[in-house]
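Below: one structure, written as structure tokens.
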């Protein structure tokens with residue numbers, strides 16, 4: 001079983017979706033307070049993944065990733081009807097495949113169709129989104145012949161509903177350089193972690209977050225402009241604590257600062273038509289995951 005899971009670590013890592021390396025199931029809640037800005041952000045999320053062995057060394061990964069997002073707007077906003085865009089539903093259906101390229105490298109690929117919308121009426125093609133990832137993995141963390149074990153992942157990722165709706169590089173370099181210290185450098189996530197004990201650890205972490213969704217009934221804005229999509233993109237950094245209990249369960253909590261945020265309404269071609277004031281700096285996330 002242990003030999004099986006490193007083969008699809010990458011596919012589970014996702015992007016943004018930004019899941020954890022070895023999550024098979026996870027529920028989490030994210031909260032971005034409105035504070036002095038015009039919009040607040042709440043996200044409840046659940047996902048699971050299941051590997052299927054095709055043949056020796058080749059695996060198919062199947063999974064679902066669902067989110068309910070609620071936005072809270074300041075009552076002073078009068079440029080558009082805020083009630084229409086307070087609730088969004090996101091669903092991704094994951095199909096991943098990984099196989100060994102040679103003795104050192106493995107390829108992982110994932111295609112993820114789904115929908116992302118406020119769903120005030122029946123789902124249509126306008127609500128459809130897709131994501132795709134292609135990565136190359138070199139994992140020497142279990143190689144006893146390597147003087148300094150490491151894991152390198154390089155590739156590219158594209159998603160229409162993660163808040164950064166353009167191709168971004170996927171880079172992850174992991175090394176444990178001390179019995180209690182390790183780091184992971186890359187995009188979309190970087191961290192430095194201290195292993196307090198076998199059951200708990202603390203991390204300094206930085207990552208990307210956000211979402212993009214269709215607005216089923218386009219909003220008429222001042223100046224006769226039409227908004228058909230909403231986008232929120234974030235860059236956050238802060239402290240994360242993880243506690244493991246049982247063999248496979250882990251609780252985690254992240255308290256972070258928002259270093260960059262962009263909230264806007266867009267037209268059908270993803271062009272900005274109006275910005276939403278988003279100046280909050282506190283970012284909270286907590287959850288429970290089942291991991292291998």
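Label-to-label distance, residue 119 versus residue 290, with points set 7 angstrom from Cα along the beta-carbon direction: 2.2 nm. A simple spin-label model places pseudo-atoms 7 Å from Cα toward Cβ; at residue 262 and residue 277 they are separated by 2.1 nm. For the chain, the mean residue ellipticity at 222 nm estimated from helices alone is -500 deg cm²/dmol, where every DSSP H run of n ≥ 4 contributes -39500 (n - 2.57) and the total is divided by all residues, rounded to the nearest 500.
Here, the chain is characterised by an Rg to Rh ratio of 0.99, where Rg is the alpha-carbon radius of gyration and Rh the Kirkwood radius. When both the stretch 242-292 and the stretch 45-93 are represented by their alpha-carbon centers, they are found 12 Å apart.
Computed from the C-beta positions of residue 200 and residue 50 and an R0 of 41 Å, the FRET efficiency is 0.90 to the nearest 0.05. Peptides 139-148, 37-46 ordered by packing proxy, namely the average of other Cβ atoms within 10 Å per residue, highest first: 37-46, 139-148. Computed extension length for residue 251-residue 150: 33.8 nm, one decimal, from 0.36 nm per residue of separation with the Cα-Cα distance subtracted. Fully extending the segment from residue 143 to residue 78, taken as 0.36 nm per residue of separation minus the present Cα-Cα distance, adds 17.4 nm. Distance from the C-alpha centroid of the stretch 100-136 to that of the stretch 171-226: 18 Å, rounded to the whole angstrom.
Applying 1/(1 + (r/R0)^6) with r as the Cβ-Cβ distance of residue 226 and residue 187 and R0 = 41 angstrom yields a FRET efficiency of 0.75.
No lab work stands behind these numbers, since they all come straight from the coordinates. Please read these numbers as outputs of a predicted model, since none were measured by experiment. All Cβ positions, glycine included, derive from the backbone under ideal geometry; neighbour counts span all protein chains shown.
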